[in-house]
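Undergrad: Here it is: the structure, laid out below.
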Amino acid sequence: MGKALIGLALLAGLWASPALAAEVKPGLLYNMGGKFDKSFNEAAYNGAEAFKKETGITYLEFEPSTEAQREQALRNMARRGANIIVAVSFAQTSAVETVAAELPDVKFTLIDGVVEAPNVQSVIFKEHEGSFLVGMLAAMASKTGKVSFVGGMDIPLIRKFACGYEQGAKHVNGSAEVLVNMTGNTPAAWNDPTKGGELARSQFDRGADVVFAAAGGTGVGVYQAAKDSGKLAIGVDSNQNHLHPGTMLTSMVKRVDVAVAEAFKSAMEGTWEPGFKVLGLAEDGVAWALDDDNRSLISADMEAKMAAAQKQIVEGGISVADYTANNACEY
Amino acid sequence: MKDEALPAWVEYFAIPGINLLMALIIAGLVVVFMGESPWVALGALLGGAFGSLEQFGYTLFYTTSFIFTGLAVAVAFHCGLFNIGGEGQAMMGGLGVTLVCLGYDGTSWPLLFPLAVMGAIAFGALWSFLPGYLQATRGSHTVITTIMFNFLAAILLNYLLVEVLIAPGQQSPQTIRFDEAGHLPFAHDLLRGFGLETGRSPLNITFLLALAVAGLVWLFLWRTRWGYEMRAVGQSEPAARYGGISPGPMIVMAMVISGALAGLMGVNEVMGSQHRLVLGFTAGFGFAGIAVALMGRNHPFGVVLAALLFGVLYQGGSELAFEIPTFTSDVVVVIQGLVILFCGALENIFRKPIVRIFEIRRLLREL
């Protein structure tokens with residue numbers, strides 16, 4: 001009798017658990033470049049992990065290695081029961097567009113890209129605003145008046161970073177020189193630390209003493225080169241200050257983690273809404289990182305100037321040109 | 001090596017089979033080290049590649065691309081040339097397809113298809129013509145020049161996609177979507193016509209083109225005079241010259257055909273699947289063609305089989321990452337790499353002992 005009761009209870013438990021799990025089943029599709037790039041993809045991963053820690057709900061994940069695998073992975077996740085799928089990177093735009101039309105009951109959140117559909121939420125960051133701030137900081141920290149930029153793959157999004165950075169540097173020092181190099185022309189450029197380091201060293205040879213890398217996993221090589229040459233580097237996407245305390249001037253943080261966790265959480269609570277979300281300085285979507293690791297590099301004067309500029313950007317006193325508005329850096 | 005003649009079934013099936021088995025055993029050990037069951041992993045790999053018509057569709061879709069790039073390497077190899085430029089030639093082929101599709105304003109794909117195929121052939125061939133010409137006239141080694149041309153193709157494509165062909169208001173470096181005529185029919189759409197409902201996969205009629213092209217390559221290599229002359233140059237250039245064959249034109253021809261074959265991969269990806277030109281659509285398939293050709297013993301039939309194996313590894317591998325969460329995409333690359341290592345680079349490890357076994361057998365028989 002007792003055994004039968006336990007059996008019944010177990011059976012009831014079995015019945016109950018799928019019902020609960022059916023409520024929200026998240027999926028996360030990374031971009032090529034790898035989950036642990038210490039940057040963009042890793043920020044998404046951290047967001048999903050934070051959600052898992054808070055709610056105990058596990059998620060599906062996939063790293064594609066070809067174009068065809070993007071759509072395939074989205075369908076695969078949906079077939080395995082995912083009902084809120086976050087796809088990170090503009091490169092997933094067409095895949096999300098196609099699959100969202102096929103599966104109207106699944107919610108999709110696309111980060112860094114825009115799809116207009118009743119079941120898609122598009123999250124865009126104002127990277128130019130954050131890049132402007134770190135550009136200012138770079139120019140303030142520079143002794144040579146030359147600062148530099150290492151981009152990943154040469155695409156409009158990365159030029160948007162470079163353009164904002166240049167504007168920020170020129171805002172502080174009108175005669176500042178900004179050296180810009182891109183790592184490559186293929187997706188391999190997101191994960192080429194060796195070449196990133198070489199580009200940074202050549203920029204140092206030309207007189208730059210602060211380098212900003214917006215290059216995914218390639219940035220690791222840039223930061224190492226800065227450390228080896230005794231120069232300063234600026235991280236991107238995740239807070240990368242901890243990588244080399246003392247030579248990491250700051251990081252241009254893009255809160256991809258918050259966006260991912262937010263998407264999962266709002267789907268769980270039923271507050272998820274399709275449409276367009278733009279996260280800039282005003283929404284804390286982008287920021288410059290200040291923590292124990294770089295505190296010693298930032299003077300009180302610099303901090304005050306940064307706070308003032310941040311306020312001006314939020315209130316509209318400074319308008320930062322967006323490269324992607326008309327594919328040109330005009331300001 | 002060639003003089004130690006082995007029976008055809010040993011040469012073409014037993015040796016590759018043993019190599020494949022070895023690769024799977026080592027890969028299985030890696031899986032065991034990671035604390036997972038190799039049988040579960042193998043099951044997930046095969047299930048992922050053949051489990052449903054949708055998954056099998058993906059397998060054959062990848063196979064299609066591998067057939068083209070594998071044939072490209074094989075043809076050049078028969079002329080003694082190593083074409084490492086498949087990646088760049090495929091990119092250019094995709095560009096050719098795109099320009100044809102964007103320039104066409106009709107509505108019917110059967111009219112556009114042959115034009116797009118010609119575009120892919122022309123652009124792929126263009127990209128291998130110069131390395132071939134330089135090899136023939138200046139002796140510049142194709143290994144060096146074709147690698148350089150890969151970078152040139154990447155830079156050209158990047159420039160075009162970022163500055164010229166990019167879809168307006170688009171972040172991602174890709175062209176606008178083609179009109180309906182630029183979409184080749186998918187296998188699942190064709191099968192629906194016969195009342196068979198299957199999941200969506202990017203498999204399209206380019207697969208049939210790939211099989212036909214493999215047949216044509218065989219005909220060309222072994223049933224035409226040019227094919228014979230090309231192989232003669234590949235076996236021994238001085239002997240070919242002594243026999244009245246001029247090696248220069250043969251080298252150029254081999255490279256042009258090779259580039260055209262690699263370029264055809266663009267039809268499968270661009271017109272068959274993406275319906276737009278996306279930067280990086282080649283995804284390393286051009287390089288994988290080298291392994292496909294090595295494994296397929298540079299024979300068109302072998303290349304088709306090897307391409308199928310690579311398709312299985314590729315598609316099954318991606319499902320593996322889903323089924324077993326501890327398997328990141330890197331583990332899948334390790335397993336694929338082991339197969340390439342054993343079947344391509346280390347093929348002679350087991351060849352020598354097997355040749356010896358056959359020699360002993362022959363001696364015994366003669367006694």
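Undergrad: Calculate the translational D of region B:188-230 in whole µm² s⁻¹ from Stokes-Einstein, where the hydrodynamic radius comes from the Kirkwood formula applied to all Cα pairs, the temperature is 4 °C and the viscosity 1.567 mPa s.
TA: 102 µm²/s
Undergrad: So, one more: Given R₀ = 35 Å, what would the calculated FRET efficiency be for A:A325 paired with B:I144, taking r from the Cβ atoms and rounding to 0.05?
TA: About 0.25, to the nearest 0.05.
Undergrad: Cα-Cα pairs above 33 Å in the protein assembly as shown: how many percent?
TA: So the pairs more than 33 Å apart make up 54 percent of the total in the protein assembly as shown.
Undergrad: Okay, moving on. For chain A, take the longest principal axis of its alpha carbons; what is the angle in degrees between that and the long axis of helix A:193-205, to the nearest 10 within 0 to 90?
TA: On a 0 to 90 degree scale, this one is about 20.
Undergrad: Going by average Cβ density within 10 Å per residue, which order do the peptides A:290-302, B:108-120, A:35-47 take, highest to lowest?
TA: A:35-47, B:108-120, A:290-302
Undergrad: Hey, can you find the accessible area per residue of region A:75-215 for me, probe 1.4 Å, expressed in square angstrom?
TA: Solvent-accessible surface per residue comes out at 30 Å².
Undergrad: Can I ask one more? What net charge do the residues around A:T271 carry, taking every other residue with its C-beta under 15 Å from that of A:T271, with Lys and Arg at +1 and Asp and Glu at -1?
TA: Counting the neighbours of A:T271, the net charge comes to -1.
Undergrad: With each label point set 7 Å from Cα along the Cα-Cβ vector, what nm distance links B:D179 and B:A8?
TA: 4.9 nm
Undergrad: Output the DSSP H helices from chain B with an along-axis C-alpha extent of no less than 20 Å and a mean Kyte-Doolittle hydropathy no less than 1.6.
TA: B:15-33, B:142-159, B:206-223, B:247-266
Undergrad: Which whole number gives the average count of other chain Cβ atoms within 10 Å of the Cβ atoms across peptide B:326-336?
TA: Per-residue shielding by partner chains comes out at 2.
Undergrad: Related question: Run lengths n ≥ 4 of DSSP H only: what is the helix-derived mean residue ellipticity at 222 nm for chain B, with -39500 (n - 2.57) per run over all residues, to the nearest 500?
TA: Per the formula, -23000 deg cm²/dmol.
Undergrad: Dividing the convex hull volume of the alpha carbon atoms of chain A by its residue count, what do you get in Å³ per residue?
TA: Given the Cα convex hull of chain A, per-residue volume reads 153 Å³.
Undergrad: Moving on. I'd like the carbon and sulfur percentage of the solvent accessible area for region B:1-143, probe radius 1.4 Å, heavy atoms only, ligands and nucleic acids excluded.
TA: Roughly 74 percent of what the probe reaches on region B:1-143 is carbon or sulfur.
Undergrad: Send over the Kirkwood Rh of region B:63-313, from the inverse of the averaged 1/r over different Cα pairs, rounded to one decimal Å.
TA: Kirkwood radius, region B:63-313: 18.2 Å.
Undergrad: While we're looking at this one, here's another question. Calculate the FRET efficiency for A:D228 and A:T55 from the Cβ-Cβ distance with a Förster distance of 60 Å, rounded to the nearest 0.05.
TA: Working from the Cβ atoms, E equals 0.90.
Undergrad: Expressed as a whole percentage, what fraction of the accessible surface of chain A belongs to carbon and sulfur atoms when a 1.4 Å probe is rolled over the protein heavy atoms?
TA: With neighbouring chains kept in place, the figure for chain A is 54 percent.
Undergrad: In square angstrom, what is the accessible area per residue of region B:63-313 with a 1.4 angstrom probe?
TA: Computed with neighbouring chains in place, this is 39 Å² per residue.
Undergrad: Right, next: Once all Cα-Cα distances of region B:1-105 are split into 5 Å bins that start at 0, what whole-number percent is in each one?
TA: 2, 9, 9, 12, 17, 17, 13, 11, 6, 3, 2, 0
Undergrad: OK, next. Just round it to a whole percent: the fraction of Cα-Cα distances in region B:224-367 exceeding 25 Å.
TA: The proportion of pairs with Cα distances above 25 Å equals 52 percent.
Undergrad: List the accessible area buried at the contact between B and A, summed over both sides and calculated with a 1.4 Å probe, in Å² to the nearest 100.
TA: Rounded to the nearest hundred, the buried surface is 2900 Å².
Undergrad: Springs between alpha-carbon atoms under 10 Å, Gaussian network over chain A: tell me which of A:T250, A:T218, A:T66 tops the mean-square fluctuations.
TA: A:T66
Undergrad: Let me ask you something else. Roughly how tilted is helix A:300-315, in degrees to the nearest 10 and between 0 and 90, from the longest Cα axis of chain A?
TA: 60 degrees
Undergrad: Same structure, new question: Could you state the orientation-averaged shadow area of the convex hull built on the Cα atoms of region A:165-262, in nm² to one decimal?
TA: Quarter of the Cα hull surface area: 7.0 nm².
Undergrad: What does the charge count around B:V40 come to, taking other residues whose C-beta lies under 13 Å from its C-beta (Lys +1, Arg +1, Asp -1, Glu -1)?
TA: -3
Undergrad: Using +1 at the Cβ of each Lys and Arg and -1 at the Cβ of each Asp and Glu in chain B, identify which of B:L277, B:G344, B:A240 lies farthest towards the dipole's positive end.
TA: About the Cα centre, the residue reaching furthest to the positive side is B:A240.
Undergrad: Please give the charge dipole size of the protein assembly as shown, origin at the Cα centre, charges +1 on K and R Cβ atoms and -1 on D and E Cβ atoms. Round to the nearest 20 debye.
TA: With only Lys, Arg, Asp and Glu charged at Cβ, the dipole is about 1800 debye.
Undergrad: Sticking with this structure for a sec: How much FRET efficiency would the formula 1/(1 + (r/R0)^6) give for A:H242 and B:I25, where r is the Cβ-Cβ distance and R0 is 30 Å, rounded to 0.05?
TA: For R0 = 30 Å, the calculated efficiency reads 0.10.
Undergrad: Oh, and also: Here are some pairs, A:K35/A:K227; A:K143/A:K277; A:K52/A:K160; A:K160/A:K265; A:K52/A:K305; A:K35/A:K107; which of them have Cα atoms lying more than 28 Å apart in this structure?
TA: Exceeds cut-off: A:K143/A:K277; A:K52/A:K160; A:K160/A:K265; A:K52/A:K305.
Undergrad: Could you sort A:F132, B:F194 by accessible area so the largest value comes first, with the probe set to 1.4 Å?
TA: Solvent-accessible surface, decreasing: B:F194, A:F132.
Undergrad: Residues with beta-carbon under 14 Å from that of B:P249, excluding B:P249: net charge, scoring Lys, Arg +1 and Asp, Glu -1?
TA: Neighbourhood net charge equals 0.
Undergrad: Also, quick follow-up: Connecting C-alpha atoms closer than 10 Å in a GNM of chain B, tell me which of B:F13, B:F186, B:F56 has the biggest fluctuation.
TA: B:F13
Undergrad: If you take each beta carbon of peptide A:68-78 and count the beta carbons of other chains within 10 angstrom, what is the mean?
TA: Neighbouring Cβ atoms belonging to other protein chains average 5 per residue here.
The values are calculated or read from the model by the stated rules, or taken from the named source; none is laboratory data. Quick caveat: nothing in here was measured; it's all calculated off a predicted structure. As a convention, Cβ positions derive from the backbone with ideal geometry for all residues, glycine included, and neighbour counts pool all protein chains shown. To get the accessible areas, we keep the full protein, side chains included, count just its heavy atoms, and leave off ligands, DNA and RNA. Shrake-Rupley method; radii C 1.70, N 1.55, O 1.52, S 1.80 Å.
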